Amino acid sequence: LRLLYTPELRQHDVGILLIPHWVDFTHIIPPHADDYRTEAFCNQECFDAFMDEAGEPIHVFADLLHSHLLGRKMKTTFIRDGVETVLAQDDNYDFNLQYIRVLDEEVIIKKRDMIMTECTYSSAHLNQAVYGGPGTENEMCESILFYYPKTNMSYCASHPHPLNILSFAGVEEIDYSFEPPASVWGIPITKPASMSNMTYADVVESIVWDQDKVQRFSQHLREGSFVSRCGGTLQTNIDAARYTK
């Protein structure tokens, strides 16, 4: 370990911005999958609000890609005017070899840009689904951007809407708001009547997975609705909760 310091104060403070798939049971990695893909994006409206507060765009100079044991590929991109540009990519991701990637050139991210994180997993050796969580045996999909000048934004996340997930198994209606219970695991099903005594956990755990169903589920989620969430530091004047939608 080598630490460097300077008596000269830098012009800018460095900020860290997390672009993750929300870490909870809405992040599902089914078994029997060679290349199961999930995606997360940063709510453009929320990002723009923090850019307005900062008064200038950010300069990204490094990225840390992070998932757990099932991760095989990861990528961070941003979309501007319909054109997708890769910030960082790892086609041979190894949980035991994680490091901060310094970009060859700094990338300026501006208002109306959309930042995305993409993860590809291999669960072919498993017989049960793995869910998002903090433990190594759980999964994550996160891009951690290092940039300057520092803003008051700390994270910008998304996840499939719980009904989007459950509709794959025939659920039509759930008792859900943007202020869900401590865990989506217990969300009650309200329609159809034949499933009204079930919860999110009951439905998800009842799915019998095979390779064809895994691919259809991945496509189903990408084409359905998402929930976006973002947050800032105590110094911000932005009510980030209004961008949860």
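Every listed requirement among (1) open to solvent by 30 Å² or more (accessible area, probe 1.4 Å); (2) closer than 17 Å to CYS141 by Cβ; (3) not aliphatic (A, V, I, L, M) is met by ARG10 save one, (2). Somewhere in the range 151-163, is a residue in a strand (DSSP E or B), closer than 17 Å to ASP24 by Cα and open to solvent by 50 Å² or more (accessible area, probe 1.4 Å)? Yes, because at least one residue in the range 151-163 is in a strand (DSSP E or B), closer than 17 Å to ASP24 by Cα and open to solvent by 50 Å² or more (accessible area, probe 1.4 Å). The set of residues from the range 206-218 being in a helix (DSSP H, G or I), more than 16 Å from the chain's Cα centre (by Cα) and under 18 Å from ALA124 (Cα atoms) comprises GLN211, ASP212, LYS213, VAL214, GLN215, ARG216, PHE217. The residues of the range 26-60 that are of a type in the set (A, V, I, L, M, F, W, C), under 30 Å from ASP210 (Cα atoms) and modelled with pLDDT of 95 or more, listed by number, are ILE28, ILE29, ALA40, PHE41.
For the residues SER218, SER196, SER177, the requirement of being among the small types (Gly, Ala, Ser) and either open to solvent by 70 Å² or more (accessible area, probe 1.4 Å) or closer than 30 Å to GLN235 by Cβ (or both) singles out SER177. Against the numbered list (1) of a type in the set (Ser, Thr, Tyr); (2) in contact with a Lys or Arg (Cβ under 7 Å, 6 or more places away or on another chain); (3) open to solvent by 50 Å² or more (accessible area, probe 1.4 Å), TYR93 comes up short only at (3).
Which one is most open to solvent (accessible area, probe 1.4 Å) among residues in the range 68-90 that are in a loop (DSSP other than H, G, I, E, B) and on the phi < 0 side of the Ramachandran plot?
Narrowing the range 68-90 to residues in a loop (DSSP other than H, G, I, E, B): 68-70, 81-82.
Still in the list and also on the phi < 0 side of the Ramachandran plot: 68-70.
Working: HIS68: 7, LEU69: 95, LEU70: 14 Å².
The extreme case among them is LEU69.
Taking the listed residues VAL203, VAL227, the one that is more than 30 Å from ILE108 (Cβ to Cβ), β-branched (Val, Ile, Thr) and touching a residue at least 24 places away in the same chain (Cβ under 8 Å) is VAL203, with no other qualifying.
If the condition is being assigned to a loop (DSSP other than H, G, I, E, B), without any contact (Cβ under 8 Å) to a residue 40 or more places away in the chain and either surrounded by 17 or more Cβ atoms within 10 Å (Cβ to Cβ) or not aliphatic (A, V, I, L, M) (or both), then the range 230-245 contributes only ASP239. Considered as a group, the residues in the range 102-139 that are in a strand (DSSP E or B) and over 18 Å from PRO20 (Cβ atoms) include one that is most open to solvent (accessible area, probe 1.4 Å), and that residue is ASP104. Taking the criterion of being buried (at least 18 other Cβ atoms within 10 Å of the Cβ) and more than 22 Å from the chain's Cα centre (by Cα), the only residue of the range 184-193 that qualifies is ILE189. Within the range 100-111, residues that are within 24 Å of PHE50 (Cα to Cα) reach partners that are assigned to a loop (DSSP other than H, G, I, E, B) and not hydroxyl-bearing (Ser, Thr, Tyr) with beta carbons closer than 8 Å, at six or more positions or on different chains, in the pairs ILE108/PRO57; ILE109/PRO57; LYS110/PRO57; LYS111/PRO57. Restricting to the range 32-67, name every residue that is open to solvent by 50 Å² or more (accessible area, probe 1.4 Å), more than 26 Å from PRO160 (Cβ to Cβ) and in contact (Cβ under 8 Å) with a residue 60 or more places away in the chain. Within the range 32-67, GLU53, GLU56, PHE61 qualify.
The values are calculated or read from the model by the stated rules, or taken from the named source; none is laboratory data. The structure presented is a predicted model; accordingly, all values stated were derived computationally and were not measured. Ideal geometry is used to build each Cβ from the backbone, glycine not excepted, and the neighbour counts take in all protein chains shown. Side chains included, ligands, DNA and RNA excluded: accessible areas come from the protein's heavy atoms. Shrake-Rupley method; radii C 1.70, N 1.55, O 1.52, S 1.80 Å.
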